[in-house]
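Okay, so here's the structure we're looking at.
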Amino acid sequence: MPNSSYLAGDFTLLGWPKKIGGVEVCNPIWLAPLAGITYYSVRKFYRQLGAGLVHTEMVSALGLCYKGRKTKELLYGEDEQSPAVLQLFGSNAADVRKGAELAFEIRRFDAVEINMACPMPKVTKKGSGSALLGEPEKAAEIIASLKDTGLPVWAKIRRSAEDAETLSFCEKLLNAGADQLFIHGRTQAQRYEGRADREIVRSAAERFPKMISASGDCYTPEDFEEYLGMGCCSVLAARGILKDLCLIPKTLAKLGACIDKKYSEPSAETQAELICMLCDAVYEREGESHALVMAHRATGAVFRGLRGAAELRRQVAFLRSWPEMREVILNWKETADVPAD
């Protein structure tokens with residue numbers, strides 16, 4: 001439930017909390033697992049802005065088995081507020097099961113999710129991620145191997161070339177015990193290009209009621225609303241949050257939550273403050289290089305279209321110190337030579 005640590009107001013929707021996929025949540029707008037992005041400070045920030053649930057980055061089950069330090073660091077979040085979901089990837093049931101057990105020794109989670117969607121060669125060439133779309137029996141074995149962990153078991157998949165194949169794959173995973181499936185409407189071959197197909201998500205949500213959630217091309221509150229209107233249980237906020245820091249509170253406000261207008265209708269000043277709040281936390285916990293990357297991404301999106309934005313982006317691009325960049329961002333009007341109100 002919301003408390004004083006949440007910035008945006010009361011993000012609980014009327015009629016919620018509800019259980020989705022075995023996990024109790026206050027709303028259906030969730031932070032997606034994003035490689036290199038959804039580390040602890042980012043997860044905490046978007047929980048403060050109203051995300052009903054957050055995911056870890058995609059974590060290698062085999063990396064956990066080999067006790068890789070960097071892999072373990074992806075899990076840290078000792079004071080992280082529930083619900084938080086562990087996303088693992090691996091190519092076989094034994095490795096995934098062992099990796100999950102080792103992850104649970106580090107911290108608790110509310111569900112475990114298997115990535116069967118990542119299309120990148122460094123993942124698929126080892127038989128993981130979207131490579132599993134072509135191995136339905138093996139994918140089902142991985143789901144079944146996790147059913148006695150005591151946690152809900154989820155999977156994130158992509159659409160296959162044919163709709164019938166996608167629905168058949170979903171059925172196979174659900175019969176193996178999956179408690180919820182996320183469908184991203186691009187094929188493996190598309191990677192992240194082109195448009196995500198929403199009709200296959202609609203078909204799956206109709207075929208498997210209360211079991212399907214959505215992912216893909218959510219950049220406006222209306223995008224989330226459309227997926228929910230198709231019968232999806234929840235929708236993932238992914239790359240859209242990098243273009244609009246307040247995408248989640250804006251969406252919750254449109255869905256009827258009581259959100260402070262400071263965050264549902266944010267000014268450039270508010271967004272500059274939020275960039276600094278996020279990157280301060282990243283700087284302190286994950287380090288300066290991560291803070292700079294996040295600041296570059298957010299600044300380029302937040303100030304696009306404003307007078308002086310090009311000059312601001314130019315100055316920020318050459319900075320290699322977060323404290324220096326912070327001053328530029330907070331004083332963006334002066335940097336961009338924008339007249340005071």
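The values are calculated or read from the model by the stated rules, or taken from the named source; none is laboratory data. In this text, all values refer to a predicted model and were calculated from it rather than measured experimentally. For neighbour counting, all protein chains shown are included, and Cβ atoms are generated from backbone atoms with ideal geometry for every residue, glycine included. For accessibility, only protein heavy atoms count, side chains too; no ligands or nucleic acids. Shrake-Rupley method; radii C 1.70, N 1.55, O 1.52, S 1.80 Å.
If we keep just the residues of the stretch 177-206 that are assigned to a helix (DSSP H, G or I), in contact with a Ser or Thr (Cβ under 9 Å, 6 or more places away or on another chain) and not β-branched (Val, Ile, Thr), which is surrounded by the most Cβ atoms within 10 Å (Cβ to Cβ)? Step by step, filter the stretch 177-206, then rank; the result is Ala204.
Annotation note: of Lys254, Lys262, Lys243, the sole residue that is under 19 Å from the mean Cα position of the chain (by Cα) and open to solvent by 40 Å² or more (accessible area, probe 1.4 Å) is Lys243. In the stretch 319-332, the residues that are of a type in the set (Ser, Thr, Tyr) form no Cβ pair under 6 Å with any partner that is buried (at least 18 other Cβ atoms within 10 Å of the Cβ) and modelled with pLDDT under 95, whether six or more places apart or across chains. Tallying residues that are assigned to a helix (DSSP H, G or I) and either buried (at least 20 other Cβ atoms within 10 Å of the Cβ) or of a type in the set (S, T, N, Q) (or both) within the stretch 298-333 yields 10.
For every residue, the table says whether it meets (1) assigned to a helix (DSSP H, G or I); (2) among the charged types (D, E, K, R); (3) exposed (fewer than 14 other Cβ atoms within 10 Å of the Cβ); (4) touching an Asp or Glu at 6+ places or on another chain (Cβ under 6 Å).
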{"residue": "Ile114", "(1), (2), (3), (4)": "no, no, no, no"}
{"residue": "Pro119", "(1), (2), (3), (4)": "no, no, no, no"}
{"residue": "Val123", "(1), (2), (3), (4)": "yes, no, no, no"}
{"residue": "Ala144", "(1), (2), (3), (4)": "yes, no, no, no"}
{"residue": "Asp148", "(1), (2), (3), (4)": "yes, yes, yes, no"}
{"residue": "Ser168", "(1), (2), (3), (4)": "yes, no, yes, no"}
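Ala51: touching a residue at least 60 places away in the same chain (Cβ under 8 Å), among the aliphatic types (A, V, I, L, M), crowded, with 22+ Cβ neighbours inside 10 Å and in a loop (DSSP other than H, G, I, E, B), yes or no? In short, yes. Considering the stretch 58-74, and only residues there that are surrounded by 19 or more Cβ atoms within 10 Å (Cβ to Cβ) and either out of contact with any helix residue (DSSP H, G or I) (no Cβ under 9 Å at 6 or more places or on another chain) or modelled with pLDDT under 85 (or both), the residue that is farthest from Val42 (Cα to Cα) turns out to be Thr71.
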